[in-house]
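As structure tokens, the structure follows; a few thoughts come after it.
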Amino acid sequence: MLVTPRTTAGARADRRAAAALGGVRGFALAARRLESTRTIEEVVEATAAIAAELLQARVAAVCRIEQDTLRVLHHEPDDDPRPGWRLRSTYRVEDRPALRRLARDREPWLAHAQDVTGAPVQPGDDGAGDPVEVEMLQHLGAASSLGVPLVVDGAVWGQIFAMRGSEPGLFTADDVARAEVIAALAGAAIARVDLTDQIRHLVTDDPLTGLSNRRVADDAAEAALESGEEVCIVMCDVDGLKRVNDELGHDTGDDLLRAVADVLRRASERLPGSTAARLGGDEFCLVTVGQHRAEVNDVVAATMAEYPMPHGAAISYGVASTAITGEISARHLFRRADIAQYRVKRARARARKSAVPIADPAVTAERVIVAGAAAITAAQSGVVPRLCAMAAATTETLGGSAWAVLMQRDGTASAVARGGSPADAENEQVVTSVVHGSWLVEIGASPNAAQGAAVTTALHALAAVAIEGGS
């Protein structure tokens, strides 16, 4: 049973001072402090410090509750050398009854390991609170603790936790009320910061890829040009997006665009201060500042080689640099990079049309294996994406113009996917049919391409890998 202790004049003075700190003036200062925060991390750290001050807590913590798991985000003080005051990083809600009620019913809780005279109490004693929390207090050598829900936009976002030693006395219902006011102020701050972040993402981010959008790219280019350092703009275009959309669907096409974004994001990470953006459709760009054109070109080329595109697609890119153009506007630098990109794209198309594959069947078979295996590895899981990627890669390696993946049922073959450039489809080609189970893959090849058992065996092996690996 908990009893009310007698207090001395000095103790009463201390409590009056604490009450003043936790009164209107203290909460007004707390509100101003939280109003100045700009990130969730700042809100969390400020809230923990405010709770420690206004609740006269030995330790105060802000915790996040997600998917029935509580995670300690920050606690004050955060540099206490005594290991007994360090909090575990995560707890399962189901393992702590008081926490479960808080998360589901928004019910605050109190727990005491001592009565008001300082005598120890046992889990289950009247007035002690939840036995699990009492056991934790005993383990830590603490006297009292509380938890209140931190609500954001009508849902429990987390918990404010506080713990005291023997002084300045046990937490009371008034302390819980103070903690709830702190939680309300913190919840409003989190909602404000979160809304600001959402608006910023809507304004600056491409929703499909997560890269920056055209507005950010334009601003980054203008700021880079004002720096006086060398500025490079890399314009990128996706070769094969229309074919992928037509043959495999727009969901697969969106996956391809996200794969392109991943490559540019990785390249941007290797070029400090750069900005990767999607301009729209299949157009992407990279804006760099302070890096030489040769270095930018090497990083982009190496990153693209390291992360090839799935489904036989590719990225054409061109680079424009102020080191070559001299003083120039951002708009004209983008235009020069775009012209360079289209020049590369056209050169690739001409090379594909005029290429004469190696006549040696053994060398050709080796190239087919390398290209096909890389395409299968980079493709999405599943038989059809793997077969399409393999067919596109091997057809290009053999100088062909079109390919097809078909399913055989009851003696009839139905096309599942076809590929190839309409401009190239007019060229003469040789078709090699590869059958594996119910699948039929037609691989296009230039009439000049090497033929023979080695090449055929390589194609059959790749088909088997694509089919068996995707099943």
| note | Exactly one of ALA119, ALA128, ALA103 is hydrophobic (A, V, I, L, M, F, W, C) and closer than 28 Å to GLN67 by Cα, and that one is ALA103
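Here is a yes/no grid of residues against (1) assigned by TED's automatic domain parsing to the domain that holds GLY419; (2) more than 24 Å from HIS332 (Cα to Cα); (3) among the hydroxyl-bearing types (Ser, Thr, Tyr):
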residue	(1), (2), (3)
ALA223	no, no, no
SER227	no, no, yes
VAL234	no, no, no
ASP237	no, no, no
ASP246	no, yes, no
LEU264	no, no, no
SER274	no, no, yes
GLY281	no, no, no
| task | May I ask you to say which residue of ILE160, ILE199, ILE182 is of a type outside the set (Gly, Ala, Ser), under 25 Å from the mean Cα position of the chain (by Cα) and either under 24 Å from THR47 (Cβ atoms) or modelled with pLDDT of 95 or more (or both)? | result | ILE199
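Here's the yes/no breakdown for (1) modelled with pLDDT of 85 or more; (2) part of a loop (DSSP other than H, G, I, E, B); (3) of a type outside the set (A, V, I, L, M):
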residue: GLY318; (1), (2), (3): yes, no, yes
residue: ILE324; (1), (2), (3): no, no, no
residue: ARG331; (1), (2), (3): yes, no, yes
residue: ARG336; (1), (2), (3): yes, no, yes
residue: ARG346; (1), (2), (3): no, no, yes
residue: ALA349; (1), (2), (3): no, no, no
residue: ARG352; (1), (2), (3): no, no, yes
| Does THR394 satisfy being at pLDDT 85 or above, surrounded by 17 or more Cβ atoms within 10 Å (Cβ to Cβ), under 21 Å from PRO310 (Cα atoms) and among the polar types (S, T, N, Q)? | yes
| query | Right, ARG104: closer than 19 Å to GLU180 by Cβ and either in the same structural domain as MET163 (by TED's automatic domain parsing) or in contact (Cβ under 8 Å) with a residue 40 or more places away in the chain (or both) or not? | reply | yes
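If you take the residues of segment 410-424 that are in contact with a Ser or Thr (Cβ under 7 Å, 6 or more places away or on another chain) and surrounded by fewer than 20 Cβ atoms within 10 Å (Cβ to Cβ), which of them is modelled with the highest pLDDT?
For segment 410-424, the residue satisfying everything is SER421.
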| message | Regarding segment 279-297, can at least one residue be identified that is within 21 Å of the chain's Cα centre (by Cα), surrounded by 20 or more Cβ atoms within 10 Å (Cβ to Cβ), of a type in the set (Ser, Thr, Tyr) and not in a helix (DSSP H, G or I)? | response | no
| message | Looking at ASP246 and the list (1) assigned to a strand (DSSP E or B); (2) free of Cβ contacts under 8 Å to residues at least 40 places away in the same chain; (3) of a type outside the set (Lys, Arg), which single condition is not satisfied? | response | (1)
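Could you say which residue among ALA173, ALA142, ALA183, ALA179 is out of contact with any Asp or Glu (no Cβ under 7 Å at 6 or more places or on another chain) and loosely packed, with under 14 Cβ neighbours inside 10 Å? Walk me through it before giving the result.
Values: ALA142 fails: loosely packed, with under 14 Cβ neighbours inside 10 Å; ALA183 fails: loosely packed, with under 14 Cβ neighbours inside 10 Å; ALA179 fails: loosely packed, with under 14 Cβ neighbours inside 10 Å.
Among ALA173, ALA142, ALA183, ALA179, only ALA173 is out of contact with any Asp or Glu (no Cβ under 7 Å at 6 or more places or on another chain) and loosely packed, with under 14 Cβ neighbours inside 10 Å.
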| query | Can you tell which of ASP126, ASP153, ASP130 is within 30 Å of ASN213 (Cα to Cα) and either assigned by TED's automatic domain parsing to the domain that holds GLU42 or surrounded by 14 or more Cβ atoms within 10 Å (Cβ to Cβ) (or both)? | reply | ASP153
| query | Does ALA314 count as farther than 28 Å from ILE443 by Cα and assigned by TED's automatic domain parsing to the domain that holds TYR342? | reply | no
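The values are calculated or read from the model by the stated rules, or taken from the named source; none is laboratory data. None of the values given here were measured: they were computed from a predicted structure. Cβ sites come from the backbone with ideal geometry, for glycine too, and all protein chains shown count toward neighbours.
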